[in-house]
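Structure first, commentary second.
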Amino acid sequence: MSRPVPQTPRLGVCYYPEHWPREWWQDDARRMREMGLSQVRIGEFAWSRIEPASGQFDWTWLDDAIEILYGAGLSVVLCTPTATPPKWLVDAMPDMLALDAEGRPRRFGSRRHYCFSHQGYRLESQRITRAIAERYGQHPAVIAWQTDNEYGCHATTLSWSTSALYEFRRWLARRYADIRALNDAWGNVFWSMEYRSFEQVDLPALTVTEANPAHLLDFRRFASAQVASFNEEQCSILRTLSPGRDITHNFMGFVTDFDHHAVAADLDVAAWDSYPLGFLEQFWFSEEEKLRYARQGHPDIAAFHHDLYRGVGRGRWWVMEQQPGPVNWARFNPAPLPGMVRLWSLEAIAHGAEVVSYFRWRQAPFAQEQMHAGLLRPDRQDDVAANEVRDVAADIAALGLVNTARSPSAPSSRVALVFDYAAQWVTEIQPQGAGFSALRVAFDWYSAVRRLGFDVDIVPPTADLAGYSLILVPCLPVVEDVLRQRLSAVTVPVLIGARTGSKTPEFKIPGLLPPGLLQHLLPIRVARVESLREGLKEVGEGFEVRLWFEHIETNVPAEWSLRDGRGVLFRHRNLRYLAGLLDDAGLQRLMTLIAIEAGLPVRSLPEGVRLRRLGNLQFAFNYNSDPVSIHHILPPSAGCLLGSAELSPAGVTVWRMRDS
């Protein structure tokens with residue numbers, strides 16, 4: 001699936017010609033080019049216009065739209081429209097709808113109203129994909145394809161339908177072969193839950209109290225595999241009928257319902273949809289952070305996902321949807337601080353993005369997303385972000401990224417952070433302490449390292465760890481032998497977080513107790529765990545343990561201890577184990593300690609300022625609503641290519657490093 005990497009970062013936009021009068025299209029295309037855009041995504045929600053009735057296709061409007069865009073010098077990312085099956089199809093096979101855990105259908109009237117396990121819908125998905133690829137697969141305007149749209153959005157990965165039940169039983173039969181093996185793996189002797197055949201297994205919902213966690217974990221694995229196989233079916237058709245084009249999918253922020261690495265195995269490029277303000281409002285951030293960064297987004301939200309999806313895409317990734325203004329779907333939807341759209345765009349490019357594409361071209365005056373801003377207002381006038389996009393295009397030129405001999409290389413990071421989607425499934429299934437989340441622990445560790453000025457690679461547990469100066473494993477309940485081998489082969493500092501190695505793949509406590517396989521590398525045992533409610537904390541010298549604390553048995557002396565003498569941080573050779581969740585100050589202190597030990601150049605960054613390096617270019621980003629000085633960060637002889645040592649609110653400064 002190797003494809004030539006584009007030579008320059010591109011700017012794009014999401015466009016819906018079917019939403020607008022035909023006589024506007026030419027003017028839209030012209031204005032896109034004048035704004036500095038070169039790529040347009042179309043078609044992801046257009047099934048009802050492409051095929052108004054079963055087998056009756058109307059290609060005329062789409063033919064015209066593609067020709068107009070192409071004639072204006074714009075390339076096209078064409079989408080399969082399977083995220084929005086039309087009403088006639090739902091009426092023809094009503095059981096294609098997913099069911100929620102209560103058994104209620106996810107009805108027609110919005111989007112993503114299908115079950116990944118329904119074989120009839122899968123055939124329809126393949127049919128419409130094949131029809132579109134046959135018509136446009138060789139069109140010179142079409143440079144890439146997007147499969148479906150935002151898998152998992154609106155909690156649509158899991159379905160409790162009859163189709164899902166049938167396919168889940170088949171999946172279990174393939175995985176275990178014998179029902180006795182399943183009973184043993186799940187521990188079904190507990191509560192008399194034993195089965196006599198795979199046909200007796202139900203989906204894990206509506207049980208009196210919590211379902212068997214091993215049952216739940218296998219259901220999550222199954223559902224993830226269904227997403228991956230659904231995606232693979234479309235990719236196979238597109239590769240056959242439209243060879244030489246990139247295939248991507250637009251993943252989402254903080255969505256972990258399926259394994260993105262498994263889906264991306266069939267893609268050329270990973271893309272994600274970046275909405276920093278909405279994510280800040282919707283997720284776990286404190287009230288103080290939500291107020292401080294209300295118009296900017298937390299300084300690490302976008303960067304975390306850039307680094308995550310660079311790993312998912314094996315080095316190639318895009319931003320398919322960049323927030324250009326207020327969105328419509330969060331609890332509160334403020335407007336970005338002036339300059340933030342430019343900052344978000346340049347930050348993506350600094351992380352190695354090949355494309356930054358804005359959602360959307362023009363704000364829709366109708367339907368569910370009419371409160372979502374675009375680059376243009378509904379009256380066709382420029383919205384605020386339009387000029388910021390023009391600025392980004394000028395910045396790319398000023399930085400010499402246009403017409404370069406090769407594409408900007410992905411940043412070279414010296415810190416690896418290991419994250420696994422299944423880790424989040426385990427902590428969702430059995431949090432043990434309200435609010436415990438493997439994803440949040442990973443984000444907090446990432447943020448602590450970024451505050452020190454480091455670039456980070458977010459990698460799966462199977463990744464090659466050679467060449468990194470520091471390795472972080474924040475929370476990985478199920479540790480496979482491949483990671484143990486990777487860790488045993490490195491000599492650099494390694495920090496391993498609480499709950500790592502705490503479960504077997506069958507969701508059991510390891511026979512030798514946690515951290516399971518890692519006891520071969522770390523001579524410690526977790527004898528007991530406890531979760532601490534809000535306000536209950538354990539205190540050490542210069543740190544506090546909150547939410548989660550583990551009691552350790554070991555002959556290894558503790559490097560950090562609580563005031564009562566119980567150990568919290570243990571070191572054996574180059575590996576450390578952190579037996580709890582630290583407060584922010586304690587975590588920052590620990591990351592500074594091990595970074596210095598790793599020989600990394602720790603920087604003292606002002607609050608809200610972040611750095612990122614791309615080749616020999618160093619970027620600084622100000623997420624504050626006030627100016628910030630970075631005189632102490634700039635090398636003495638550095639001349640700024642963009643900005644200055646006085647970072648304005650939402651400001652970006654770029655200088656050339658002399659060591660490369």
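What follows draws every value from the coordinates through simple rules; no lab data is involved. In this text the structure is predicted, and so the values were computed from the model without any measurement. Cβ: placed from backbone, ideal geometry, glycine included. Neighbour counts: every protein chain shown.
Kindly provide log₁₀ I(q)/I(0) values, in the same order as q = 0.09, 0.12, 0.20 Å⁻¹, from the Debye equation applied to equal alpha-carbon scatterers of the stretch 375-501.
Cα-only, vacuum Debye calculation for the stretch 375-501: -0.43, -0.65, -1.05.
By DSSP, what percent of the beta bridges with both residues in the chain are antiparallel, rounded to the nearest 5?
Details: 40 of 84 bridges.
Percentage antiparallel, nearest 5: 50.
Please give the contour-minus-distance gain from Leu123 to Ala101: 0.36 nm per residue of separation, less the Cα-Cα distance, rounded to one decimal in nm.
The Leu123-Ala101 span can extend by a further 5.4 nm.
Test of the criteria: in the stretch 323-352, which chymotrypsin sites (Phe, Trp or Tyr not before Pro) are in a DSSP loop and have at most 15 other Cβ atoms within 10 angstrom of their Cβ? The partial results should precede the final answer.
Numbers: sites: Trp329, Phe332, Trp344; in loops: Trp329, Phe332.
Answer by residue number: Trp329, Phe332.
For a footprinting-style exposure proxy, rank Lys508, Lys87 by other Cβ within 10 Å, fewest first.
Fewest to most other Cβ atoms nearby, the residues stand as Lys87, Lys508.
With Rg and the Kirkwood Rh both taken from Cα atoms, where does Rg over Rh land for the stretch 54-179? Don't jump to the answer; show the numbers that get you there.
On the way: Rg = 17.6 Å, Rh = 16.6 Å.
The Rg/Rh ratio comes out at 1.07.
Could you work out how far the C-alpha centroid of the stretch 428-467 sits from that of the stretch 210-227, in angstrom?
22 Å
Please find the FRET efficiency linking Ser286 to Ser644, where r is the Cβ-Cβ separation and R0 is fixed at 35 Å, and quote it to the nearest 0.05. Write out the running numbers ahead of the final one.
Values: r = 32 Å, r/R0 = 0.91.
That pair, Ser286 with Ser644, gives E of 0.65.
So what's the back-of-envelope 222 nm ellipticity for the chain, counting only DSSP H runs of four-plus at -39500 (n - 2.57) apiece and dividing by all residues, rounded to 500? Display every interim value, and only then the final one.
Numbers: 18 runs with 203 residues, N = 660.
After summing the helix terms and dividing by the residues of the chain, the value is -9500 deg cm²/dmol.
Under a straight-distance cross-link criterion of Cα-Cα below 12 Å, which aspartates and glutamates are reachable from Lys508, leaving out those fewer than 8 residues away in the same chain?
Filter leaves Asp184.
With labels modelled as points extended 7 Å from the Cα through the Cβ direction, what inter-label distance (nm, one decimal) is found for Glu134 paired with Ser637?
6.5 nm
More than 25 Å apart: what percent of Cα pairs in the stretch 281-377 qualify? Could you put the intermediate results ahead of the total?
Working: 1036 of 4656 pairs.
Considering the stretch 281-377, 22 percent of its Cα-Cα pairs are separated by more than 25 Å.
Within the stretch 516-578, which trypsin sites (Lys or Arg not before Pro) sit in a loop by DSSP and count at most 13 neighbouring Cβ atoms inside 10 Å? Intermediate values should be presented prior to the final figure.
Working: sites: Arg525, Arg528, Arg533, Lys537, Arg546, Arg563, Arg566, Arg571, Arg573, Arg576; in loops: Arg533, Arg563, Arg566, Arg573.
Qualifying residues, ordered by number: Arg533, Arg563, Arg573.
By how many nm would the segment from Ala155 to Glu199 lengthen if fully extended, with 0.36 nm per residue of separation less the alpha-carbon distance?
Values: separation 44, 0.36 × 44 = 15.84 nm, distance 2.67 nm.
Contour length minus Cα-Cα distance gives 13.2 nm.
For the stretch 512-563, run through the GluC sites (Glu not before Pro) and keep only the ones in DSSP coil with at most 16 other Cβ atoms within 10 Å of their Cβ.
Counting only loop positions with at most 16 other Cβ atoms within 10 Å, the GluC sites (Glu not before Pro) in the stretch 512-563 are Glu534, Glu541.
Mind giving me the nanometre distance, one decimal, between the label points for Ala527 and Ala53, set 7 Å out from Cα along Cα→Cβ?
Inter-label distance under the simple model: 7.6 nm.
Just the C-alpha atoms of the chain: what Rg/Rh do they give, with Rh taken as the Kirkwood radius? Before the final figure, lay out each step's value.
Working: Rg = 25.4 Å, Rh = 26.2 Å.
Ratio value, two decimals: 0.97.
Quick one: check the C-alpha center-to-center distance for the stretch 30-83 versus the stretch 287-333, whole angstrom.
What the calculation gives is 27 Å, centre to centre.
Tell me the volume per residue, in Å³, of the convex hull enclosing the alpha carbons of the stretch 163-213. Please list the in-between numbers first.
Values: hull volume 4.0 nm³, N = 51.
With only Cα atoms used, the stretch 163-213 gives 78 Å³ per residue.
Report Rg (one decimal) and Dmax (nearest whole number) for the stretch 596-660, counting Cα atoms only, units Å.
Cα only, the stretch 596-660: 11.8, 34 Å (Rg, Dmax).
Along the Cα→Cβ direction, 7 angstrom out, place labels at Asn555 and Gln485. What is the inter-label distance in nm?
Those two pseudo-labels are separated by 2.9 nm.
Based on the mean of other beta carbon atoms within 10 Å per residue, what is the order of 605-613, 485-493, most packed first?
Values: 605-613: 19.1, 485-493: 15.8.
Descending mean neighbour count gives 605-613, 485-493.
Taking neighbour counts of Cβ atoms within 10 Å as a proxy for exposure, in what order, fewest first, do Val384, Val568, Val327 appear? All intermediate terms of the calculation are to be shown ahead of the outcome.
Values: Val384 16, Val568 24, Val327 20.
The fewest-first ordering by Cβ neighbours comes to Val384, Val327, Val568.
Report the equivalent ellipsoid semi-axes for the stretch 455-544 in whole Å, largest first, defined as the square roots of five times the eigenvalues of the gyration tensor built from alpha carbon atoms. Mind showing how you got there, number by number?
Details: eigenvalues 114, 71, 29 Å².
Each semi-axis is √(5λ); the values are 24, 19, 12 Å.
Just the ratio, please: alpha-carbon radius of gyration of the stretch 415-597 over 2.2 N^0.38 Å, N its number of residues. Spell out each step's value before the answer.
Numbers: Rg = 14.9 Å, N = 183, 2.2 N^0.38 = 15.9 Å.
Compared with the compact-globule rule of thumb, the stretch 415-597 sits at 0.93.
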